[in-house]
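Below is one structure, written out as structure tokens; the observations come after it.
The values are calculated or read from the model by the stated rules, or taken from the named source; none is laboratory data. Quick caveat: nothing in here was measured; it's all calculated off a predicted structure. In this analysis, Cβ positions are derived from the backbone assuming ideal geometry, glycine residues included, and neighbour counts consider all displayed protein chains. For accessibility, only protein heavy atoms count, side chains too; no ligands or nucleic acids. Shrake-Rupley method; radii C 1.70, N 1.55, O 1.52, S 1.80 Å.
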Amino acid sequence: MPSPIKILKVSVESTSIVKPKYAGNLPTTTPHVPLSVFDKVTYDMHIASIYAFRAPTPPNSVMQNGLTRVFSEYREFAGRLGEDAEGNPVILLNDEGVRFVEAGLVLTFVRPEHVKPIINLFNYFLCYNIIESYPCTPLGLGLSSSSTCPKTGPASRHQWIPLWTGRCHFKPSSALLSLHPEVHGVAELLGQVQLTRFACGSLVVGFTSHHRVADAHAASNFLIAWSLATRGLDVSLAVHDRCTFFTPRLPPLLEEFEHRGVEFAPKNQFAAEKADPLKDNIVVHKAHFTKEFLTKLKARASAGASKPYSTFESLMAHLWRVVTKARRLHESETTHVRISVNGRRRMNPRLPDEYFGNVVLWAYPPPPPAKVREVVDSPLRYAAELIRDAVARVNDAYFKSFIDLASSGVVDKEELVPTADADKWVLCPNVDVDGWLRLPSYDLDFGGGIFL
């Protein structure tokens with residue numbers, strides 16, 4: 001009878017609350033920070049991310065000390081959401097702290113006949129010593145079931161953490177989700193950290209944060225600052241002023257751009273929408289595009305264009321087309337592509353890259369929405385042009401128009417609510433795009449090199 005196969009599971013070893021540690025006296029700042037118009041219009045949810053590092057990595061105690069130090073500069077994550085005396089939403093700078101989880105791995109034994117169908121079905125897993133040896137594969141970090149590890153031999157002999165589970169839909173497995181703290185039922189916490197140690201000395205850092213505190217750019221700046229503090233280096237200072245940069249114009253230009261139906265929608269209409277059953281059938285897929293493929297794609301998209309399309313524009317156009325085609329929609333249906341746009345470098349005067357908060361709006365192709373037939377049957381350049389034009393319209397004037405409307409009282413008077421919904425915009429027939437290529441997190445290094 002075949003020997004049982006070893007499966008690795010994450011085991012939580014300790015959980016604590018980490019609070020800021022100040023070098024001198026407590027800061028003499030306001031007890032709270034008001035949410036900006038951009039904070040209030042973004043997603044009301046926690047976002048999770050994981051980062052894998054090769055050995056050597058610093059001990060947990062050193063990383064925890066770095067965390068306490070960096071919280072003295074980024075106090076918002078150690079605070080809580082609340083209201084001021086007038087009932088306005090704020091971040092309370094009360095230093096209540098974040099959850100700090102230390103975890104390791106334990107072995108369980110499973111009969112081969114129970115594991116083999118999973119390996120054959122999904123092909124990609126996270127090996128316990130993946131961080132030492134392996135590149136990214138199309139569906140995640142790890143090897144296919146038919147691959148051979150240069151250190152330990154065929155994949156069938158490995159100890160595994162499955163990345164995905166479910167018979168058809170490649171949903172994140174419970175093992176993958178266990179690499180970061182739970183994001184549901186933790187509304188009072190604005191940040192969480194989990195350090196998971198692997199037997200080879202490698203480390204996975206799981207980080208969750210409330211989106212209304214910081215967008216991806218700001219959260220990346222925080223992580224970089226934490227890594228610098230862990231290494232004993234000076235921490236870059238953040239810009240925390242959430243009011244001065246977003247003052248409405250006098251007089252406000254409320255009709256310059258249409259924001260109803262874009263960032264805002266009527267409360268009754270938004271609440272009346274029923275949950276889409278498709279949200280339980282989302283395929284999670286990681287794809288790798290080679291440099292050669294992207295070069296050819298850009299050339300095809302740019303053929304006949306007065307200005308070449310960027311890698312981002314060309315790839316998004318391609319994905320919009322193939323996803324729409326794969327959905328087998330009727331040619332007369334309409335489809336949107338929705339693209340997150342960072343306003344730091346688009347507003348005039350330009351915001352500091354160190355601004356800590358949210359400065360993101362979304363670009364949409366111009367109305368009316370594109371027909372499926374037009375997206376699928378037209379040359380790639382057609383979709384690339386729609387994407388370029390949509391992003392270009394989200395400029396300084398557009399950001400200031402949004403500030404004018406969001407600050408005018410119209411939102412309360414008309415009972416408008418934010419349209420930001422993590423489920424709505426990724427579901428058929430729409431496509432939602434977030435580009436992380438320019439985020440500063442790619443320099444994240446706790447002392448043993450950048451993450452994989």
Checklist entry - What residue among Pro58, Tyr22, Phe71 has its Cα farthest toward the positive end of the dipole of the stretch 12-90, where the charges are +1 on Lys, Arg and -1 on Asp, Glu, each on the Cβ? => result Pro58
Item to check | Heavy-atom surface of the stretch 343-452, accessible at 1.4 Å and reported per residue (Å²) | outcome: 46 Å²
Checklist outcome for this item: Among GluC sites (Glu not before Pro) in the stretch 56-104, those in a DSSP loop whose Cβ has at most 12 other Cβ atoms within 10 Å are Glu86
Checklist outcome for this item: Output for the stretch 385-447: chymotrypsin sites (Phe, Trp or Tyr not before Pro) sitting in coil per DSSP, at most 12 other Cβ within 10 Å, listed by number, reads Trp436
Item to check | Hz values of 3J(HN,Hα) by residue in the stretch 194-199 - Karplus curve (6.51, -1.76, 1.60), Gly and Pro given as x | outcome: 10, 10, 10, 8, 9, 4
Checklist entry - To the nearest 0.05, what FRET efficiency results for Ala392 and Leu294 with a Förster distance of 22 Å applied to their C-beta separation? => result 0.55
Next on the checklist: Order 383-389, 48-54 from most to least packed using the mean count of other Cβ atoms within 10 Å.
Outcome noted: 383-389, 48-54
Checklist outcome for this item: Expressed as a percent, the accessible surface of the stretch 359-452 that is carbon or sulfur, using a 1.4 Å probe and the full set of protein chains, is 53 percent
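State the percentage of accessible surface on the stretch 55-108 attributable to carbon and sulfur atoms; use a 1.4 Å probe and exclude ligands, DNA and RNA. Each step should come with its number before you reach the end.
Details: 1020 of 2090 Å².
Reported share for carbon and sulfur atoms: 49 percent.
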Next on the checklist: Counting only Cα atoms, I'd like the Rg/Rh figure for the stretch 322-452, Kirkwood definition for Rh.
Outcome noted: 1.03
